[in-house]
Amino acid sequence: MMNQIKYIEVNNVTIKYHHHTAVKNVTFTINKGDFIGVIGENGSGKTTLIKALLGVIDINGGTVKFLEGLKIGYLPQNIMQADTVFPATAEEVALVGILDEKKFPKIINKSDRLRVKKVFSELGISELLKKRIGNLSGGQQQRVMLARALVNEPDILFLDEPTSALDSIIENSFLKILQNLNKTRNTTIVIITHDLVSVGGYINRIIYMNQSLEYVGSFDDFCKNTTHSPYIHLHAKSACGHDVITKEMKK
Ligand code: ADP
């Protein structure tokens, strides 16, 4: 694995809320082209860690080093689902993504509209452009938010999943879109997920949080490592393939 381009180097990072340590001495690197699944029980520090990488919250120890000029995108999930009367069109929502990046004067021009159109077309959602965001299904809204995150052509895209098990089933078609971005645009993807069954086939690496970093590495090795058996038995039995685990445990 030589010549990998390091996008983000996290070194011995600790994050606290007052006296409560949410993330403890975590070290890992995110490389160009990675497709990473961040897993762990509720309250294990996943969201805190990602927020720190987005610069939303401060770290209390260690360092985070970004490749110079790295463009970061973020996709909050189901953020508007409840807001069914929100009057903006899907196109307008995506255009706001462009405005965010603009310096004064913050004015939308023709080429901005073309950029939005192009991303919608790439994602196969051109027919949604003029639709009201509040009238769209959850899955459609998710795609519009993805378009919004992509208009600025981020090098790395973070996705945070809802914590409820019911909501966390990601559609396969959405994952295929992410995979396509990862393969064709070389966009690095980091997704917090409870749904290893769906994500397992797409990711190349896992970050398993338990306040400390329990594991970082390939999905296959994660499944084979018997120290992860409790988590696997609860959340990832079918994702890992039950046979593999029992075989390993018998050794
Ligand atoms: P996860 O995303 O894995 O569910 P979080 O990063 O949300 O975990 O939370 C990690 C720990 O930090 C939990 O114990 C949680 O209660 C605590 N925590 C999260 N956000 C805050 C906050 N804003 N203030 C105080 N404690 C918090």
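The values are calculated or read from the model by the stated rules, or taken from the named source; none is laboratory data. This structure is a prediction, so every number in the text was calculated from the model and none was measured. Positions of Cβ are generated from backbone atoms using ideal geometry, with glycine treated the same way; all protein chains shown enter the neighbour counts. With ligands, DNA and RNA removed, areas are computed over all heavy atoms of the protein, side chains included. Shrake-Rupley method; radii C 1.70, N 1.55, O 1.52, S 1.80 Å.
Scanning region 28-56 for residues that are surrounded by fewer than 17 Cβ atoms within 10 Å (Cβ to Cβ), at pLDDT below 95 and more than 8 Å from the ligand (Cβ to nearest atom) turns up L54, G55, V56. Would a scan of region 218-229 turn up a residue that is touching a Gly at 6+ places or on another chain (Cβ under 9 Å) and either small (G, A, S) or modelled with pLDDT of 90 or more (or both)? Taking every residue of region 218-229 in turn, none turns out to be touching a Gly at 6+ places or on another chain (Cβ under 9 Å) and either small (G, A, S) or modelled with pLDDT of 90 or more (or both).
Looking across region 105-133 at every residue that is over 20 Å from the mean Cα position of the chain (by Cα) and open to solvent by less than 10 Å² (accessible area, probe 1.4 Å), the one that is modelled with the lowest pLDDT is identified as I133.
Yes/no per residue for (1) assigned to a helix (DSSP H, G or I); (2) under 21 Å from N180 (Cα atoms):
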position	(1), (2)
F104	no, no
I107	no, no
S121	yes, yes
G124	no, yes
K130	no, no
G134	yes, no
V144	yes, yes
A147	yes, yes
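When region 195-220 is filtered for residues that are over 15 Å from K237 (Cβ atoms) and either away from the ligand (no atom under 14 Å from the Cβ) or within 13 Å of the chain's Cα centre (by Cα) (or both), the ones remaining, listed by number, are G201, Y202, I203, N204, R205, I206, I207, Y215, V216, G217, S218, D220. Residues in region 1-51 that are in contact (Cβ under 8 Å) with a residue 60 or more places away in the chain and acidic (D, E): D34, E41.
One line per residue, one yes/no per condition, for (1) modelled with pLDDT of 95 or more; (2) surrounded by fewer than 21 Cβ atoms within 10 Å (Cβ to Cβ); (3) not assigned by TED's automatic domain parsing to the domain that holds G241:
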residue	(1), (2), (3)
Q140	no, yes, yes
T193	no, no, no
Q211	yes, yes, no
E214	no, yes, no
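For the structure I just gave you, tell me whether I98 is away from the ligand (no atom under 16 Å from the Cβ), out of contact with any Cys (no Cβ under 7 Å at 6 or more places or on another chain), aliphatic (A, V, I, L, M) and in a strand (DSSP E or B). Answer is no for this residue.
Those residues that are away from the ligand (no atom under 16 Å from the Cβ) and either within 21 Å of the chain's Cα centre (by Cα) or outside any loop (DSSP other than H, G, I, E, B) (or both), I need them from region 1-27; list them, please. Let's see the steps before the verdict.
Step one: filter region 1-27 for residues away from the ligand (no atom under 16 Å from the Cβ), giving 1-9, 11-12, 27.
Scanning region 1-27 gives Q4, I5, K6, Y7, I8, E9, N11, N12, T27.
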